[in-house]
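Single-structure report; data block below.
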Amino acid sequence: MKTLPKILVTGANGQLGKELKDRCSLYPGFEFVFLSKEDFPIHHFELARNFFKTIEPAYCINCAAYTAVDKAEEEKDLAFQVNGEAVGVLAAICKQHQTRFIHISTDYIFDGRSDVPYKEDFPANPLNVYGTSKLEGEKQALQINADTIILRASWVYSPYGNNFVKTMMKLMGEKNEICVVNDQVGSPTYAGDLTEAIMHIIANCQLSIANWKPGIYHFSNDGVISWYEFAIAIKEITGSECVLQPVSTSEFPTVATRPAFSVMDKTKIQESFGIKLKDWTESLNNCIQKIKNAS
């Protein structure tokens with residue numbers, strides 16, 4: 001009996017990992033191996049090497065990351081170990097085992113000072129430790145394993161974990177009024193859509209090795225909004241009566257500086273892989289419906 005190609009998913013209990021779990025039955029041509037950070041802490045390098053020897057994956061999707069943006073300012077060493085060094089080691093192990101490596105990165109590698117959407121080759125200039133550590137991971141992955149695909153996503157949300165959509169829904173249920181930043185602009189990414197893009201790339205690679213096109217790609221849903229506009233849409237979809245007040249970033253200080261402009265140009269991923277982008281409003285509706293169904 002022919003064995004199915006295995007897809008190893010690290011960080012399986014995060015937003016992206018859980019969305020992949022939800023959808024894996026849609027891809028019967030693959031065997032999925034989901035490992036959480038407890039099962040497989042990617043910065044424990046010997047353990048990582050042993051897992052690859054045992055599992056022998058055809059693909060590795062690295063969803064594991066240190067994502068606490070403000071906390072990273074204090075825990076710099078840990079952020080760099082997980083988001084930087086460990087990514088390089090994973091890339092090296094993938095190269096050794098001829099495993100195709102997909103790594104997830106972030107819009108936070110940019111400084112947000114552009115006035116046009118960021119293309120993949122725009123000079124990086126992160127404003128915080130999180131962004132700097134993610135950029136280090138990108139550099140190490142591509143230097144060590146040139147066959148790597150890196151997907152940068154922005155404003156990721158899902159029914160799982162901690163994210164803006166879930167936080168807003170919770171606060172709208174508890175408070176009469178919320179202040180939301182209106183001078184940071186970007187494009188949301190529903191993690192479910194990102195998983196479909198990843199699986200589109202992998203499925204096409206199975207059809208022909210020529211379809212594997214290494215390098216950096218930008219992905220998000222279509223549309224450009226502020227966090228305030230995002231919150232307004234969440235309010236309308238959920239039917240909340242909570243009053244939303246727009247405020248400036250200066251009125252809502254955070255430990256880590258956030259980029260004011262996080263819009264990325266997604267032309268390359270659409271043209272290279274034939275991926276179609278969903279409008280952010282459609283995807284937000286889908287996610288909120290999924291949250292409601294789960295509760």
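The values are calculated or read from the model by the stated rules, or taken from the named source; none is laboratory data. The structure displayed is predicted, hence computed values, not measured ones. Every residue, glycine as well, gets a Cβ built from its backbone with ideal geometry; the counts of neighbours run over all protein chains shown.
Mind telling me which of the residues THR254, THR281 ends up being in a loop (DSSP other than H, G, I, E, B) and either of a type in the set (Val, Ile, Thr) or out of contact with any Leu (no Cβ under 8 Å at 6 or more places or on another chain) (or both)?
Numbers: THR281 fails: in a loop (DSSP other than H, G, I, E, B).
After applying the criteria, what remains is THR254.
How about the range 89-183: which strands (runs of 3 or more DSSP E) wholly inside it have at least 2 residues that are under 16 Å from the mean Cα position of the chain (by Cα)?
Details: elements: 100-106, 149-153, 177-181.
Result: 100-106, 149-153.
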Exactly one of these conditions fails for ASN293: (1) part of a helix (DSSP H, G or I); (2) within 22 Å of the chain's Cα centre (by Cα). Give me its number.
(2)
Considering (1) hydrophobic (A, V, I, L, M, F, W, C); (2) at pLDDT 95 or above; (3) in contact with a helix residue (DSSP H, G or I) (Cβ under 8 Å, 6 or more places away or on another chain), say which one ILE202 fails and leave the rest.
(3)
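Rundown of residues vs (1) in contact (Cβ under 8 Å) with a residue 60 or more places away in the chain; (2) touching a strand residue (DSSP E or B) at 6+ places or on another chain (Cβ under 6 Å), yes/no style:
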residue	(1), (2)
CYS24	no, yes
SER36	no, no
VAL69	yes, no
GLU73	yes, no
VAL82	no, no
HIS97	no, no
PHE101	no, yes
PHE110	yes, yes
Of the residues that make up the range 262-285, is at least one crowded, with 23+ Cβ neighbours inside 10 Å, modelled with pLDDT of 95 or more and over 20 Å from the mean Cα position of the chain (by Cα)?
no
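Scanning the range 237-251 for residues that are of a type in the set (S, T, N, Q) and not in a helix (DSSP H, G or I), which turns out farthest from ASN211 (Cα to Cα)?
Among those residues, the one meeting the criterion is GLN245.
Of everything in the range 143-187, what is free of Cβ contacts under 8 Å to residues at least 40 places away in the same chain and either crowded, with 22+ Cβ neighbours inside 10 Å or over 21 Å from ARG258 (Cβ atoms) (or both)? Give them in sequence order. Give the derivation first.
To start, the set of residues in the range 143-187 that are free of Cβ contacts under 8 Å to residues at least 40 places away in the same chain comprises 162, 167, 170, 174.
Across the range 143-187, the qualifying residue is only GLU174.
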If we scan the range 1-18, do we find a residue that is over 19 Å from ALA91 (Cα atoms), among the basic types (Lys, Arg) and exposed (fewer than 14 other Cβ atoms within 10 Å of the Cβ)?
yes
Given the criteria in contact with a Lys or Arg (Cβ under 6 Å, 6 or more places away or on another chain) and closer than 25 Å to LEU4 by Cα, does TYR59 qualify?
yes
The range 206-240, residues that are without any contact (Cβ under 8 Å) to a residue 60 or more places away in the chain and either closer than 17 Å to GLU177 by Cβ or not hydrophobic (A, V, I, L, M, F, W, C) (or both):
SER208, ASP222, GLY223, SER226, TYR228, GLU229, ILE232, GLU236, GLY239
Looking at the range 268-294, I want the residues that are among the acidic types (Asp, Glu) and have a partner that is in a loop (DSSP other than H, G, I, E, B) and buried (at least 18 other Cβ atoms within 10 Å of the Cβ) with Cβ atoms under 6 Å, at least 6 apart or on another chain. Which pairs are those?
ASP279/GLY223
So GLN206 clears everything in (1) within 30 Å of ASN145 (Cα to Cα); (2) touching a Ser or Thr at 6+ places or on another chain (Cβ under 8 Å) except one condition, right? Which one?
(2)
Looking only at the range 152-175, decide whether some residue is closer than 29 Å to THR54 by Cα and in contact with a strand residue (DSSP E or B) (Cβ under 9 Å, 6 or more places away or on another chain).
no
Out of (1) closer than 14 Å to ILE93 by Cβ; (2) at pLDDT below 95; (3) of a type in the set (A, V, I, L, M, F, W, C), the one ALA58 does not meet is (2)
Might you check whether a residue that is surrounded by fewer than 22 Cβ atoms within 10 Å (Cβ to Cβ) and either in contact with a His (Cβ under 6 Å, 6 or more places away or on another chain) or in a helix (DSSP H, G or I) (or both) occurs anywhere in the range 211-224?
yes
